[in-house]
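**Q** There's a structure below that I have some questions on.
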Amino acid sequence: MKRSESFVKTLKNAPSDEVSRSAQLLLRAGYIYKEMAGVYDFLPLGRKVLNNIIDIIREEMVALGGQEVEMSSLQPKDAWVKSGRWDDDVVDDWFKTKLHAGGELGLALTHEEAITNMLTSYVSSYKDLPLYVFQFQKKFRNELRAKSGIMRTREFIMKDLYSFCATREQHEEFYEKAAISYTNIFKRLGIGDSTYRTFASGGSFSRFSDEFQTICDAGEDIIYIDHEKNIAINEEVYNEETFKMLDVDPAKLDKQKASEVGNIFTLGTKYSEALDLCFNDENGVRTPVFMGSYGIGPARSMGVIAEKTCDDKGLNWPEEIAPYKYYLIGIGEKGMKEAEKLYNLNPEQFVFDDREKVRNGEKFADAELMGIPYRVIVSDKTLENDQVEILSRKTGKSELLTTKEFISKIPKVLK
């Protein structure tokens, strides 16, 4: 990315109606654009971060044995009537519309009904199970009050995985594997140390669920953490029944604000019975499939990461999800020419601030605001000793490397 060729400009001030720190910085740094309350566009930098997060999640889902699909956002009414979730009195955040030819449609807010209905065409025997299907897909929820930037929106990408098993035991084995996979994901996203598997209500899905909650001042939930067991309890199920079930002492629990970044549910046979997703077992007995649901919001995770890692200078992305590794600045005539050469070695690694008539101080400030992991300065002065200066955004420490040493750190472009 060359700054001179980018249509996106950084902003000195965020819109006055944005209250969360992450939303303010993402807007100012040119990662997102606000269409309206709860609806955001992802600009080139933001899209790269979002895709990096999605790539990490996808790798873990494939490692679990997941098969990826992409399903329609338009949902016909029939399947949802069968499950009992079409009525607005049951699910109150639908976006619904009507076809000119007649009939109602909903914009998908989740896909349990759709995936269950689809698999009635492909599952008939115990030999077809277990089966794990996932997607990254747009969801629409008519939130009463969207807030906290991309942490709670009306249109968002969701990774939803669904498990289809022959027995509860088969399901529970996979469920625990999925929980471990989620822990790995949040470690890779840089928030593993502050994210807890949290016992919670299952809402309209099931009686109980497991949420993955990240400690966050901008979070909307209250959780109680047992640091010895490395688990937490959502305030909504903070009661004696839960304490006994999890064998925890409420006097030892640490109360914190948190933001939900993922969740996993045991669905059982609720949807398979409603939509007739059954299989013939080894004895030829027709049996409903035992299901589970596993969700992560990549954009929501992005907002939480931004909130957790930012400082008074700007964003501060973990290296694995940053849009680029280096923010490259050339100072002086020779410095600018050498910087151009370094950029051309692998443009995918650099934001190259090649803007003319922009002060160096402004370039330095933009590098910090954007949160790129390393700032690289190539100047006439450093080149006197054939060196470049590398400054870590995370630690604030700088070092001088020879040009050759720095080049050795740049991944080679695959031909």
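The values are calculated or read from the model by the stated rules, or taken from the named source; none is laboratory data. The model shown is predicted, which means the values in this text are computed figures rather than measured ones. Methodologically, a virtual Cβ is constructed for each residue, glycine included, from the backbone with ideal geometry; neighbour enumeration extends over all protein chains shown.
**Q** Of all strands (runs of 3 or more DSSP E) completely enclosed by region 325-411, which ones contain at least 2 residues that are touching a residue at least 60 places away in the same chain (Cβ under 8 Å) and outside the structural domain of residue 30 (by TED's automatic domain parsing)?
**A** 350-353
**Q** Collect the residues in region 28-54 that are crowded, with 18+ Cβ neighbours inside 10 Å and over 23 Å from residue 182 (Cα atoms), keeping them in residue-number order.
**A** Scanning region 28-54 gives 28, 29, 30, 31, 32, 34, 38, 40, 42, 43, 45.
**Q** Taking residue 86 as meeting all but one of (1) touching a Leu at 6+ places or on another chain (Cβ under 9 Å); (2) surrounded by 19 or more Cβ atoms within 10 Å (Cβ to Cβ), write down the number of the exception.
**A** The number of the failed condition is (1).
**Q** Could you tell me whether residue 131 is assigned by TED's automatic domain parsing to the domain that holds residue 54 and surrounded by 12 or more Cβ atoms within 10 Å (Cβ to Cβ)?
**A** Yes: the conditions hold for residue 131.
**Q** Now for a separate question. Could you please find all residues in region 55-79 being surrounded by 17 or more Cβ atoms within 10 Å (Cβ to Cβ), in a helix (DSSP H, G or I) and modelled with pLDDT under 95?
**A** Residue satisfying the conditions is 79 alone.
**Q** Return the pair list, or none, for Cβ contacts closer than 8 Å from residues in region 84-109 that are touching a residue at least 60 places away in the same chain (Cβ under 8 Å) to residues that are of a type outside the set (Val, Ile, Thr), at least 6 apart or on different chains.
**A** 84/274; 85/113; 85/204; 90/84; 90/204; 91/85; 91/109; 91/204
**Q** Let me ask something additional. Quickly run through region 150-202 and pick out the residues that are touching a Phe, Trp or Tyr at 6+ places or on another chain (Cβ under 6 Å), buried (at least 16 other Cβ atoms within 10 Å of the Cβ) and closer than 27 Å to residue 287 by Cβ.
**A** Of everything in region 150-202, those that are touching a Phe, Trp or Tyr at 6+ places or on another chain (Cβ under 6 Å), buried (at least 16 other Cβ atoms within 10 Å of the Cβ) and closer than 27 Å to residue 287 by Cβ turn out to be 161, 163, 165, 166, 171, 178, 202.
**Q** Being crowded, with 19+ Cβ neighbours inside 10 Å, among the small types (Gly, Ala, Ser) and touching a residue at least 60 places away in the same chain (Cβ under 8 Å): is that true of residue 209 here?
**A** no
**Q** Let me ask something additional. So which residues in region 32-59 are over 30 Å from residue 10 (Cβ atoms) and within 13 Å of the chain's Cα centre (by Cα), if there are any at all?
**A** Of everything in region 32-59, just one residue is over 30 Å from residue 10 (Cβ atoms) and within 13 Å of the chain's Cα centre (by Cα), namely 58.
**Q** Against the condition more than 23 Å from the chain's Cα centre (by Cα), closer than 30 Å to residue 122 by Cα and buried (at least 19 other Cβ atoms within 10 Å of the Cβ), how does residue 352 come out, does it pass?
**A** Considered against the rule, which asks whether it is more than 23 Å from the chain's Cα centre (by Cα), closer than 30 Å to residue 122 by Cα and buried (at least 19 other Cβ atoms within 10 Å of the Cβ), residue 352 comes out as no.
**Q** Now for a different question. List the number of the failed condition for residue 100; all other conditions in (1) farther than 30 Å from residue 170 by Cα; (2) in contact with a strand residue (DSSP E or B) (Cβ under 7 Å, 6 or more places away or on another chain); (3) not hydroxyl-bearing (Ser, Thr, Tyr) hold.
**A** Only one criterion in (1) farther than 30 Å from residue 170 by Cα; (2) in contact with a strand residue (DSSP E or B) (Cβ under 7 Å, 6 or more places away or on another chain); (3) not hydroxyl-bearing (Ser, Thr, Tyr) is unmet by residue 100, namely (2).
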